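Each value in this text was obtained by applying a stated rule to the coordinates, not by laboratory testing. Only a predicted model underlies this, so the values are computations on that prediction, with no experimental measurement involved. We place every Cβ from the backbone using ideal geometry, glycine too, and count neighbours over all the protein chains shown.
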Amino acid sequence: MTWTQDSARDLAVEALGFIAADPEMVQALLANAGLRPEDLRHLATSPDLGQFVLDFILEDDRRVLDFAASTGIRPEAVMAARTVLAGPGSAGWSAD
């Protein structure tokens with residue numbers, strides 16, 4: 001699949017739903033970012049939310065594998081979508 005900004009953001013929304021379904025993962029996300037639940041609600045309006053959520057998923061191989069399985073995508077697609085959101089120069093790649 002070729003990722004666009006829109007499709008990568010859509011995947012990030014799916015990732016947020018995946019995280020929200022697991023209270024332990026929600027707590028880990030909040031602790032990792034130093035956020036309170038009300039901060040997460042504010043972050044939901046941020047354009048950086050997608051990258052933040054995908055970064056969280058990518059921090060743990062089990063999360064990546066479980067999320068990919070739940071959405072029917074290949075695990076490496078999570079990184080590809082994250083890279084599209086972050087733009088050239090992120091994660092070791094640059095624009096041609």
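Across q = 0.16, 0.19, 0.20 Å⁻¹, the chain modelled as identical point scatterers on its alpha-carbon atoms has Debye log10 I(q)/I(0) values of -0.63, -0.89, -0.98, in the order of the q list. Listed values for the stretch 43-53 are Karplus-derived 3J(HN,Hα) couplings in whole Hz (6.51 cos²θ - 1.76 cosθ + 1.60, θ = phi - 60°), namely 4, 4, 8, 7, x, 8, 4, x, 5, 4, 5, and x replaces Gly and Pro.
Using θ = phi - 60° in the Karplus curve 6.51 cos²θ - 1.76 cosθ + 1.60, the 3J(HN,Hα) couplings for the stretch 58-66 round to 6, 5, 9, 4, 5, 4, 4, 5, 5 Hz; x is entered for Gly and Pro. Once the Cα atoms are used to define both axes, helix 75-86 deviates from the longest principal axis of the chain by about 90 degrees. Of the residues PHE18, PHE52, the one with the fewest other Cβ atoms within 10 Å heads the list, and the complete ranking is PHE18, PHE52.
Amide H to amide H distances under 5 Å link TRP3 with no residue, where only residues 5 or more positions off or on other chains count and H is placed in the peptide plane.
Counting neighbouring Cβ atoms within 10 Å and putting the fewest first, the residues SER7, SER46 line up as SER46, SER7.
Each of ILE73, ILE57 has some number of other Cβ atoms within 10 Å of its Cβ, and from fewest to most they run ILE73, ILE57. In a fully extended conformation the segment linking ALA20 and ALA44 would gain 7.4 nm over its present Cα-Cα distance, using 0.36 nm per residue.
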